[in-house]
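Q: Take this structure first; my questions come after.
The values are calculated or read from the model by the stated rules, or taken from the named source; none is laboratory data. These figures come from a predicted structure and were not determined experimentally. Here the Cβ is made from the backbone with ideal geometry for all residues, glycine too, and neighbour counts use every protein chain on show.
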Amino acid sequence: MDLSDLTIFSAVVREGSVTRAAERLHRVQSSVTTRIRQLEEDLHVALFVREAKRLHLAPAGQVLLDYADRLLALAAEARDAVQDARPRGTFRLGAMDSTAAVRLPGLLSEYHRRHPEVVLELRTGNPQVLGSAILAGDLDAALVAEPIADVPFEKTFAFDEELVIVAPANHPPIGKKNGLPPTIIVFEHGCPHRKRLEDWYASRCEMPKRTIEIASYHAMLGCIVAGMGISLIPKSVLTTFPERRRLSVHPLARSENSAQTVLIWRKGTNSANVRALEDILRGRGSPYRQISK
């Protein structure tokens, strides 16, 4: 039993005869008769009571008609949905923690205002985790920091983030005279800001003596306030931290302080939901350019 069987069955019922159903479906009468008999054989029931040249719907046929109507309507709805250019359904978006905390509240609020019929789902993680989730089909798109692999993804520029080193208040200048702090506080492996900080140490021929892994920015900043170490974070994250005055911010050189955030999705799967987010990013004044396709 497939949708074409149900279409033929429904047409015979609605038209009241095989002949008129065949005309409506632009099929030969014998083809319609054969498909009805095959459907009955498949279901092991009689769908019609045959009297001379007339067909009457049998009890089993009445039951099937209800299901046929619902299945055909659902198939039509599905066809319209995949062909519809409007955002709809569930939009599964990923983002890094810093992006989710600072950039997404206004962005997703605007998305919901424009497209209230879309159900937004959010998952946070590092770019490696989010990229793998997209390729596995678990996410539709994600906002991640570069670098990210070009081959499996399409990308659109989203934000520029200024990176700064954050230390406890009154901490002396970092990297000037007394060497680098021995302890860094970072996210797990896969975090691009962690790698940037480790590379920053390596470029100065040093390595941290201790690395503390923390799962959230506010916990990380709390540890920094307590004097446990330093970290490299987007400067925008500091706007969400109520104890900002108990931290010191140490700028990096211009060649080292920029991190680009991009919206990525799997190649060939740029849905209406993703395009709607692109439109909002463009409308909010973000530089908008296609990076790779």
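Q: Within region 213-255, count every residue that is surrounded by 12 or more Cβ atoms within 10 Å (Cβ to Cβ) and either more than 18 Å from residue 181 (Cα to Cα) or without any contact (Cβ under 8 Å) to a residue 24 or more places away in the chain (or both).
A: Total satisfying the criteria: 13.
Q: Hey, does region 153-161 have a residue that's under 24 Å from residue 243 (Cα atoms) and more than 22 Å from the chain's Cα centre (by Cα)?
A: If we filter region 153-161 for residues that are under 24 Å from residue 243 (Cα atoms), which is where we start, we get 161.
Subsequent filtering for residues that are more than 22 Å from the chain's Cα centre (by Cα) retains none.
No: zero hits.
Q: Could I ask something else about it? Quick check: anything in region 141-159 farther than 15 Å from residue 265 by Cα and in contact (Cβ under 8 Å) with a residue 12 or more places away in the chain?
A: So the first thing to find is which residues in region 141-159 are farther than 15 Å from residue 265 by Cα, and the list is 159.
Next, from what is left, pick out any that are in contact (Cβ under 8 Å) with a residue 12 or more places away in the chain: 159.
Scanning region 141-159, I find at least one residue that is farther than 15 Å from residue 265 by Cα and in contact (Cβ under 8 Å) with a residue 12 or more places away in the chain, so the answer is yes.
Q: Answer yes if at least one residue in region 245-262 is in a helix (DSSP H, G or I), within 24 Å of residue 133 (Cα to Cα), assigned by TED's automatic domain parsing to the domain that holds residue 179 and out of contact with any Gly (no Cβ under 7 Å at 6 or more places or on another chain), and no otherwise. Give the derivation first.
A: Residues of region 245-262 in a helix (DSSP H, G or I): 245-246.
Remaining after also requiring within 24 Å of residue 133 (Cα to Cα): none.
Taking every residue of region 245-262 in turn, none turns out to be in a helix (DSSP H, G or I), within 24 Å of residue 133 (Cα to Cα), assigned by TED's automatic domain parsing to the domain that holds residue 179 and out of contact with any Gly (no Cβ under 7 Å at 6 or more places or on another chain).
Q: Filter region 144-184 down to residues that are β-branched (Val, Ile, Thr) and assigned to a strand (DSSP E or B) and give me whichever is surrounded by the fewest Cβ atoms within 10 Å (Cβ to Cβ).
A: Initially, region 144-184 is screened for residues β-branched (Val, Ile, Thr), giving 144, 148, 151, 156, 164-166, 174, 183-184.
Okay, now just the ones that are also assigned to a strand (DSSP E or B), so 144, 156, 164-166, 183-184.
Numbers: 144: 28, 156: 23, 164: 21, 165: 23, 166: 27, 183: 16, 184: 24.
Looking at the filtered set, the residue picked out is 183.
Q: Inside region 172-203, can you point out the residues that are hydroxyl-bearing (Ser, Thr, Tyr) and in contact with a strand residue (DSSP E or B) (Cβ under 6 Å, 6 or more places away or on another chain)? Quick ask: steps written out before the conclusion?
A: Step one: list which residues in region 172-203 are hydroxyl-bearing (Ser, Thr, Tyr), which gives 183, 201, 203.
Correct list: 183 only.
Q: Does residue 98 qualify as being in the same structural domain as residue 144 (by TED's automatic domain parsing), assigned to a helix (DSSP H, G or I), surrounded by 14 or more Cβ atoms within 10 Å (Cβ to Cβ) and small (Gly, Ala, Ser)?
A: Numbers: in the same structural domain as residue 144 (by TED's automatic domain parsing): yes; assigned to a helix (DSSP H, G or I): yes; surrounded by 14 or more Cβ atoms within 10 Å (Cβ to Cβ): yes; small (Gly, Ala, Ser): yes.
Yes.
Q: Shifting gears a bit: When you go through 50, 35, 27 one by one, which is the residue that is farther than 19 Å from residue 76 by Cα and either small (Gly, Ala, Ser) or part of a helix (DSSP H, G or I) (or both)? First the steps, then the outcome.
A: Working: 50 fails: either small (Gly, Ala, Ser) or part of a helix (DSSP H, G or I) (or both); 27 fails: either small (Gly, Ala, Ser) or part of a helix (DSSP H, G or I) (or both).
Of the residues listed, the single one that is farther than 19 Å from residue 76 by Cα and either small (Gly, Ala, Ser) or part of a helix (DSSP H, G or I) (or both) is 35.
Q: I'm checking my understanding of the structure. Among residues of region 195-232 that are of a type in the set (D, E, K, R) and in a loop (DSSP other than H, G, I, E, B), which one is nearest to residue 162 (Cα to Cα)? Give the derivation first.
A: Taking region 195-232 and keeping what is of a type in the set (D, E, K, R), we get 195-196, 198-199, 204, 206, 209-210, 213.
Checking which are in a loop (DSSP other than H, G, I, E, B) leaves us with 204, 206, 209.
On the way: 204: 21, 206: 23, 209: 26 Å.
Taking the candidates together, the pick is 204.
Results for (1) over 15 Å from residue 96 (Cβ atoms); (2) over 17 Å from the mean Cα position of the chain (by Cα); (3) outside the structural domain of residue 254 (by TED's automatic domain parsing); (4) surrounded by 13 or more Cβ atoms within 10 Å (Cβ to Cβ), shown as yes or no for each residue.
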| site | (1), (2), (3), (4) |
| --- | --- |
| 127 | no, no, yes, yes |
| 188 | no, yes, no, yes |
| 202 | yes, yes, no, no |
| 211 | yes, yes, no, yes |
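Q: Now for a different question. Kindly check whether there is at least one residue in region 83-92 that is under 27 Å from residue 261 (Cα atoms), surrounded by 13 or more Cβ atoms within 10 Å (Cβ to Cβ) and in contact with a Leu (Cβ under 7 Å, 6 or more places away or on another chain).
A: Applying the first criterion (under 27 Å from residue 261 (Cα atoms)) to region 83-92 yields 85-92.
With the extra rule that they be surrounded by 13 or more Cβ atoms within 10 Å (Cβ to Cβ), the set shrinks to 87-89, 91-92.
Keeping just the survivors that are in contact with a Leu (Cβ under 7 Å, 6 or more places away or on another chain) gives 91-92.
Scanning region 83-92 turns up at least one residue that is under 27 Å from residue 261 (Cα atoms), surrounded by 13 or more Cβ atoms within 10 Å (Cβ to Cβ) and in contact with a Leu (Cβ under 7 Å, 6 or more places away or on another chain).
Q: Also, quick follow-up: Would you mind stating whether residue 175 is of a type outside the set (S, T, N, Q) and modelled with pLDDT under 90?
A: Numbers: of a type outside the set (S, T, N, Q): yes; modelled with pLDDT under 90: yes.
Criteria met by residue 175.
Q: Can you find, within region 85-107, the residue that is nearest to residue 217 (Cα to Cα) among those that are free of Cβ contacts under 8 Å to residues at least 60 places away in the same chain and touching a helix residue (DSSP H, G or I) at 6+ places or on another chain (Cβ under 9 Å)?
A: Looking at residues that are free of Cβ contacts under 8 Å to residues at least 60 places away in the same chain and touching a helix residue (DSSP H, G or I) at 6+ places or on another chain (Cβ under 9 Å), I get 95.
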